[in-house]
1. Quick one: residue B:330 ticks every box in (1) modelled with pLDDT under 90; (2) surrounded by fewer than 17 Cβ atoms within 10 Å (Cβ to Cβ); (3) part of a helix (DSSP H, G or I) except a single one, so which number is it?
2. If I ask for residues that are loosely packed, with under 15 Cβ neighbours inside 10 Å, more than 7 Å from chain B (Cβ to nearest Cβ) and assigned to a loop (DSSP other than H, G, I, E, B), which ones from the stretch A:106-124 would you list?
3. Kindly indicate whether residue B:265 is assigned by TED's automatic domain parsing to the domain that holds residue B:102 and closer than 24 Å to residue B:178 by Cβ.
4. Scan the stretch B:188-198 and tell me whether some residue there is more than 30 Å from residue B:38 (Cβ to Cβ), surrounded by 15 or more Cβ atoms within 10 Å (Cβ to Cβ) and in the same structural domain as residue B:272 (by TED's automatic domain parsing).
5. Assess whether residue A:218 counts as being farther than 14 Å from residue A:96 by Cα and outside the structural domain of residue A:9 (by TED's automatic domain parsing).
6. Of all residues in the stretch B:303-324, count the ones that are without any contact (Cβ under 8 Å) to a residue 24 or more places away in the chain and either touching a helix residue (DSSP H, G or I) at 6+ places or on another chain (Cβ under 8 Å) or part of a loop (DSSP other than H, G, I, E, B) (or both).
7. Scan the stretch B:91-102 and give yes if some residue there is closer than 29 Å to residue B:67 by Cβ and touching a residue at least 40 places away in the same chain (Cβ under 8 Å), otherwise no.
8. How many of the residues in the stretch A:61-88 are at the interface with chain B (Cβ under 7 Å from one of its Cβ atoms), touching a strand residue (DSSP E or B) at 6+ places or on another chain (Cβ under 8 Å) and farther than 17 Å from residue A:158 by Cβ?
């Protein structure tokens, strides 16, 4: 039993079978990568994990509890955080404010009317936010307007916002998509650091093999909505089925 | 102090001074002079300034922070007015219970309208709120006549029970609204040479309530709740995946701003105890949108400035007629005088809407942040001029 167990999940969009009989088990404190060619169903699978989509059949269990039918914010409150393909941050707010919101969500839950208290009097939470920003080397940018930052910084901020909630499972949807090589390497270093410093399980969906092979403990290859193989990175590299899925039958 | 930061205290102090000394500030011209018509320091108009200020402050909590543009806030204004007048009819002429009831009723209205309308965002939300407000307006005009007295409007009469007060005064008149005996319409005039300053009980009650509302708005803006509302405006997707439900936050903001509108409506009725359906009409909803955008949506002081600006125009510009214009340009040759008056004519008097419309267009195009942004730009350019002066004097010093 892993921290996340996906059993016999099927999802159809009209005539298209996006996922068929997907089984996946992610064990605690590992980095599990899901790779596959375009249209393999990676994003559909991820959306089934965070409550954006509901599978037609099958079950998704997180830490022994089903996530199916729960809203995204309820799933987050269970301990699953998500990083998007394009960084989703609060662009109108400063970096520090961006950090305070997940902390309030963690402390106060889905909704709480703190209309008279002042944000600046929340010393404990501010310190926590500053420590996290320091961990991702962004403390000097704490008063910056977050929309004006570079994409790499936005990605860092988004990860810091997820990590400050101390999630048990972090889902990353192509965290290096559209990034320059230098930014990609920075992100890999950051993720490696997170992996060694914290007790956290990560599930990464990725295109870039460089990223996958430098981070993953286990890899699942998805093709046409079905898992082809699941193994450690060394065995995936030369696997004939994987090459077939990526390069087509002719190769 | 008061749980506010330094900047906010300054801002609050400025607004407090403006509000409390308004009878002086708004009456800069001697009573008999030809410019006296630009004086706005009479109780009736000053009350309108602050009451609409409250309305706009509340509206800004919703629109300025969450970005949800309600086009039906007049419904809460009207509901507040009707409830206040009913309180005057049934309970007593004291304004306190009337104001409290108007806030409660407007709040309940806001829960219902908000619960339905907030299922949608953007233009659909605006249309839903507009539909609700127009529905309320038409109902108040027709089927709800037993409650609203239809076209005539709801008034206090000599047959009202007023269980805690008196039905009629000793001399058989309708009693007037008061605060524990202090009559709202009572005022004293201070004469300093040719100047006249009027201090009215009603105005000061409104001003103090406006200051309390403004203070609460500052607290809301600086609170975790206020930050969540800005997060709603910024990125709802991220909010959902951060473990927060945006809906209760927007509903709370909607209800709070509806209660502000109800308070404004209750105060209106307290100053002049009658309520008509036209208070709920869409033009009234549109007016508060104009005030907020003109002053600067999302800023603290903007809505107050916008409300004052529009109400000043409405009451002062609209009074300039052809006769007055002729008086001003009488020194011109006859033909030219008529031409000048004819040219200015469409912009003043009944045409004041044209001037307001042009001002609004210019401000939205060139100062999207409203009057507040204008002020900031002026302050910045002054500062820059000062710093370049400093730079000049520095460059005259010998280098190294």
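The values are calculated or read from the model by the stated rules, or taken from the named source; none is laboratory data. Here the structure is a predicted model, which means the values were calculated and not measured. Here Cβ is always computed from backbone atoms with ideal geometry, including for glycine, and neighbour counts include all displayed protein chains.
1. So the condition that residue B:330 fails would be (3).
2. A:109
3. Values: assigned by TED's automatic domain parsing to the domain that holds residue B:102: yes; closer than 24 Å to residue B:178 by Cβ: yes.
It is true that residue B:265 is assigned by TED's automatic domain parsing to the domain that holds residue B:102 and closer than 24 Å to residue B:178 by Cβ.
4. Within the stretch B:188-198, the subset more than 30 Å from residue B:38 (Cβ to Cβ) is none.
Checked the stretch B:188-198: no residue is more than 30 Å from residue B:38 (Cβ to Cβ), surrounded by 15 or more Cβ atoms within 10 Å (Cβ to Cβ) and in the same structural domain as residue B:272 (by TED's automatic domain parsing).
5. On the way: farther than 14 Å from residue A:96 by Cα: yes; outside the structural domain of residue A:9 (by TED's automatic domain parsing): no.
No; evaluated as a whole, the condition is false for this residue.
6. Quick first cut of the stretch B:303-324, residues without any contact (Cβ under 8 Å) to a residue 24 or more places away in the chain only: B:323.
Still in the running and either touching a helix residue (DSSP H, G or I) at 6+ places or on another chain (Cβ under 8 Å) or part of a loop (DSSP other than H, G, I, E, B) (or both): none.
Number satisfying all stated conditions: 0.
7. Of the residues in the stretch B:91-102, the ones closer than 29 Å to residue B:67 by Cβ are B:102.
Add one more test, that the residue is touching a residue at least 40 places away in the same chain (Cβ under 8 Å), and what stays is B:102.
Within the stretch B:91-102, one or more residues are closer than 29 Å to residue B:67 by Cβ and touching a residue at least 40 places away in the same chain (Cβ under 8 Å).
8. Number of matching residues: 0.
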